[in-house]
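**Student:** Quick one: the structure is below, and I'll ask about it shortly.
The values are calculated or read from the model by the stated rules, or taken from the named source; none is laboratory data. These numbers come from a predicted model, not from an experiment. A quick note on method: Cβ atoms are made from the backbone with ideal geometry, for glycine too, and the neighbour counts reach across all protein chains shown. The area values use the complete protein model at the heavy-atom level, side chains included, leaving out ligands, DNA and RNA. Shrake-Rupley method; radii C 1.70, N 1.55, O 1.52, S 1.80 Å.
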Amino acid sequence: MNILVTGGAGFIGSNFVRYILEEHDEFKVLNLDKLTYAGNLENLKEVEANQNYEFVCGDICNADLVSLLLRQHSISAVINFAAESHVDRSIAGAAEFVQTNVQGTLNLLDRAKEHGIDRFLQVSTDEVYGSLGDTGAFTESSPLQPHNPYSASKASADLLVHSYHHTFGMPVLITRCSNNYGPYQFPEKLIPLMISNAMEGKPLPVYGDGKNVRDWIHTLDHSKAIEAVLLNGKPGETYNIGSENEWANIDLVHRILELVGASEDLITFVKDRPGHDRRYAIDASKAKAELGWGPQIGFEDGLAETVNWYKQNQEWWQNIKAGGYQDYYRRHYLKERGIKD
Ligand code: NAD
Ligand code: DAU
């Protein structure tokens, strides 16, 4: 199978590319990534020399480029990871989110429709369902109620993807996964930010009362779910992916501090994220029943391994933190969230 993977230089995409090349000698992977602040070719060093892998730097919104790649590489499956993915950045400015997440997905759909395709897999998120109260979990039939510009752009893309199945019979699949963690996650997201700040002795900024709940899954389990949906998912269907692993942010931060061996005094409560979703929880029973998929990595082990990875790969995240990310950090935390410089 010749697969066009978009956004393969980001966190989840790069973990997926490494995994799928390792698992399937028969797959060829073409990675189209614009290399925004979140894209990093260092994530893909291990596969650079793999003959089944090729990288193209470009934008999923570029119609001519996408058409050319689909044709030249005889692509039969598209997996769309490419996105602006950070909620806080979408609150600071949503235009880029609509451009990439909505227009970019639409362009991929149109080009794939012209070209003819066996599989179009849209990598989506549980955030499209909005927020939960103290109990219950999102199922595939939960209503779409996105609350922030990021999740609204992802929900818009999902609706377009589904409409291309209904209207044109395109063989689309949608996955909606909960919060991922693991190696190579950009250090502006909760887990890598807290690990790296703890290692540097910097404040750990916890939004609001710290009691917002997220449902964490290791990115390798997410990769395996995407593989299962790609190979065995039913066209037109949506699959929730999750690991039944809910943590209040503050409890998770305490656990990270323990694993890093840093002081609890670093915890700093800061101004809450506007419109902050209170709780996410995913019911993944459909993917389990229909695809035989299930998460394999326990959170205790996965988190400890992840902390070790950040300990052993300090150069990777220090390079990122020393670069343009520093401007974002200053603006976001020091000014908007009131941490002193
Ligand atoms: P990320 O921000 O780490 O990576 C996004 C990648 O997309 C980067 O490599 C970036 O360069 C690339 N990209 C951005 N705009 C592009 C464009 N216009 N053209 C081509 N490439 C472009 O994101 P991530 O956390 O790896 O998330 C990947 C996908 O998974 C996203 O679609 C996200 O919505 C979804 N998702 C993420 C999570 C999570 O917990 N991180 C959970 C569920 C779903
Ligand atoms: O649920 C899936 C989503 O998970 C994905 O679709 C998104 O792409 C991904 O970024 C993630 O979104 P979240 O907003 O849940 O992730 P983030 O790491 O930004 O925040 C996790 C929780 O931690 C959230 O409740 C906000 C809180 N937080 C976050 C940061 C960055 C803090 O308390 N302090 C922080 O500094």
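**Student:** Hey, could you check segment 80-106 for residues that are in contact with an Asp or Glu (Cβ under 6 Å, 6 or more places away or on another chain) and among the acidic types (Asp, Glu) and say which is farthest from ligand 1 (Cβ to nearest atom)?
**Tutor:** 96
**Student:** Further, regarding this structure: Starting from segment 110-135, take each residue that is in contact (Cβ under 8 Å) with a residue 12 or more places away in the chain and aromatic (Phe, Trp, Tyr) and list its partners that are within 16 Å of ligand 2 (Cβ to nearest atom) and not in a helix (DSSP H, G or I), counting only C-beta distances under 7 angstrom and pairs at least six apart or across chains.
**Tutor:** The qualifying pairs are 129/138; 129/142; 129/144; 129/145.
**Student:** Quick check on segment 267-315: of everything there that is more than 27 Å from residue 198 (Cα to Cα) and in a helix (DSSP H, G or I), which residue is least open to solvent (accessible area, probe 1.4 Å)?
**Tutor:** The qualifying residue least open to solvent (accessible area, probe 1.4 Å) is 287.
**Student:** Filter segment 1-49 down to the residues that are within 13 Å of ligand 1 (Cβ to nearest atom), assigned to a helix (DSSP H, G or I), without any contact (Cβ under 8 Å) to a residue 40 or more places away in the chain and surrounded by fewer than 17 Cβ atoms within 10 Å (Cβ to Cβ) and list them by number.
**Tutor:** Matches in segment 1-49: 41 only.
**Student:** Also: Could you give every pair whose Cβ atoms fall below 6 Å, whose first residue belongs to segment 175-198 and is without any contact (Cβ under 8 Å) to a residue 40 or more places away in the chain and in a helix (DSSP H, G or I), and whose second residue is open to solvent by less than 10 Å² (accessible area, probe 1.4 Å) and more than 9 Å from ligand 2 (Cβ to nearest atom), counting only separations of at least 6 or pairs across chains?
**Tutor:** Filtered contacts from segment 175-198: 193/187.
**Student:** In addition: Would it be correct to say that residue 234 is open to solvent by less than 50 Å² (accessible area, probe 1.4 Å), farther than 13 Å from residue 179 by Cβ and either under 19 Å from the mean Cα position of the chain (by Cα) or away from ligand 2 (no atom under 16 Å from the Cβ) (or both)?
**Tutor:** no
**Student:** With the structure loaded, tell me whether residue 244 is in a loop (DSSP other than H, G, I, E, B) and within 21 Å of the chain's Cα centre (by Cα) or whether it fails that test. Lay out the reasoning, then the answer.
**Tutor:** Values: in a loop (DSSP other than H, G, I, E, B): yes; within 21 Å of the chain's Cα centre (by Cα): yes.
Criteria met by residue 244.
**Student:** Among the candidates 77, 137, single out the residue that is more than 16 Å from ligand 2 (Cβ to nearest atom), under 22 Å from the mean Cα position of the chain (by Cα) and among the small types (Gly, Ala, Ser).
**Tutor:** 77
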